[in-house]
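Comments concern the structure below.
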Amino acid sequence: MNPITVTVAVWAVLVAPGALAASAVESLEAAYRSAGAGPFSTGTGADAWRREIPPRDGGAPRSCATCHGADPRSVGRHATTGKIIEPLAPAVSPGRLSDPEHVEKWFRRNCEWTWGRACTPQEKGDFLAYLRGVQP
Amino acid sequence: MRTKIVTGSFALAVVAAVGGGLVGAGDRGERAGHDRADVAPATDARYRAACGECHMAFQPGLLPAAAWDRVMATLDRHFGDDAQVPPATADAVRDYLAANAADRTDGRRAAGFGSPGAGSATSLPRITETRYFSGKHHDVPARLATGNPQVRSFANCPACHQRAEAGSYNEHEVRIPGAGPWHD
């Protein structure tokens, strides 16, 4: 990797986090669209963020907000481990939603934990639209 | 490709920041006349990335090698979560944990954390169920730990131990959220 590429990459992280999230989200949205999903809605994403589903083991109902907080600009806390989770909104957390593989990994893990099933491409696109649209 | 490079430089920055923090913390500890860390800090970048996302990246010296092996064997059913990582990462993490486990090193607390826990043979081993851990925490009421919204679990070491990430668990550095410094 040449030093100029690295400098540019570091500059991009420091200076233009919004732009980074934008290109990653766009590539994910394109993939969801080719699976038949879309258009994506911030309102539907916002509702889904707070939708509570009781887990099969009979514990307390869970939603995204259980660990991340009702406001994606706020700091969250893992429901079981208590670990602090930095805000998900790219508007306040530079670097969030900037790596498509990372985003897919956490959709896979957390849709399962929270709702007991995988999220559909439509649901994922709506979540991304909501999170990316949140203003500082 | 662009994303890869960016993620890579991010990872470097994080490692640099964590490494710097650990070195800094060590310096401060020595100046203040504290002992060296109770357990060696978890420095392996791959381990920190794979096992430090949902909870602190527990130092390998907090469990014996056999216990780490059992944890690594069932990452798909990990305390109610899915903690699977790609096979190459899992191999590297397993080796790192085995080489630095409590019963393979001679840190100050190695003998304590290196002896088997009271947990059952069927459930996953926990640091918080080793006899040593229970012995050290039996004076800490549940209200301040599991019942404390700012702590939630005894496995949340850094919530109470200010320098847990640096492997330091000195009882004089304990500050329980909502309850302040610990006096026994």
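The values are calculated or read from the model by the stated rules, or taken from the named source; none is laboratory data. Remember, it's a predicted structure, so these values are computed and weren't measured experimentally. Methodologically, a virtual Cβ is constructed for each residue, glycine included, from the backbone with ideal geometry; neighbour enumeration extends over all protein chains shown. Remember, those area values only see protein heavy atoms, side chains included, never the ligands or the DNA or RNA. Shrake-Rupley method; radii C 1.70, N 1.55, O 1.52, S 1.80 Å.
When all protein chains stay in place and ligands, DNA and RNA are ignored, the 1.4 Å accessible-area order of A:R132, B:R48, largest first, is A:R132, B:R48. Protection proxy ranking of A:59-70, B:62-73, by the mean of other Cβ atoms within 10 Å over each peptide's residues and highest first, is B:62-73, A:59-70. Applying a DSSP loop filter and a limit of 16 other Cβ atoms within 10 Å to the chymotrypsin sites (Phe, Trp or Tyr not before Pro) in the stretch A:90-136 leaves nothing. Taking a straight Cα-Cα cut-off under 15 Å and skipping sequence neighbours fewer than 8 places away in the same chain, the aspartates and glutamates within cross-link reach of A:K83 are B:E53, B:D81, B:E165. A cut-off under 13 angstrom between Cβ atoms defines the neighbours of A:V25, and their net charge, with Lys, Arg +1 and Asp, Glu -1, is -1. In chain A, helices alone account for a calculated mean residue ellipticity at 222 nm of -16500 deg cm²/dmol, with every DSSP H run of four or more residues adding -39,500 (n - 2.57). Here the stretch A:19-74 and the stretch B:135-167 have alpha carbon centers that stand 31 Å from each other. Entry comment: accessible area of chain A is 51 Å² per residue, from protein heavy atoms only and a probe of 1.4 Å. For B:A99 and A:S34, the FRET efficiency from 1/(1 + (r/R0)^6), where r spans their Cβ atoms and R0 equals 51 Å, is about 0.70.
Report the A-B buried area as the accessible area lost on both sides summed, probe 1.4 Å, in Å² to the nearest 100.
In total, this chain pair buries about 2100 Å².
Please compute the Kirkwood hydrodynamic radius of the stretch A:27-136 from all pairs of different C-alpha atoms, in Å with one decimal.
14.2 Å
Using Stokes-Einstein with the Kirkwood hydrodynamic radius over Cα pairs, what translational diffusion coefficient do you get for the stretch B:45-181 at 25 °C and a viscosity of 0.890 mPa s, in µm²/s rounded to a whole number? Reported coefficient: 157 µm²/s.
Straight Cα distances below 17 angstrom link B:K136 to the aspartates and glutamates B:D38, B:E171, B:E173, B:D184, with same-chain residues fewer than 8 positions distant left out.
For chain A, the relative contact order works out to 33 percent when only alpha carbon pairs closer than 8 Å and six or more residues apart are counted. Summing Lys, Arg as +1 and Asp, Glu as -1, what charge do residues with Cβ under 12 Å from the Cβ of B:A90 carry, B:A90 excluded? Net of charged neighbours comes to -2. Inter-chain neighbour count for A:72-83: the average number of beta-carbon atoms from partner chains within 10 Å of each residue's beta-carbon is 5. Largest first, the residues A:D71, B:D81, B:D38, B:D139 sort by 1.4 Å accessible area into B:D139, A:D71, B:D81, B:D38.
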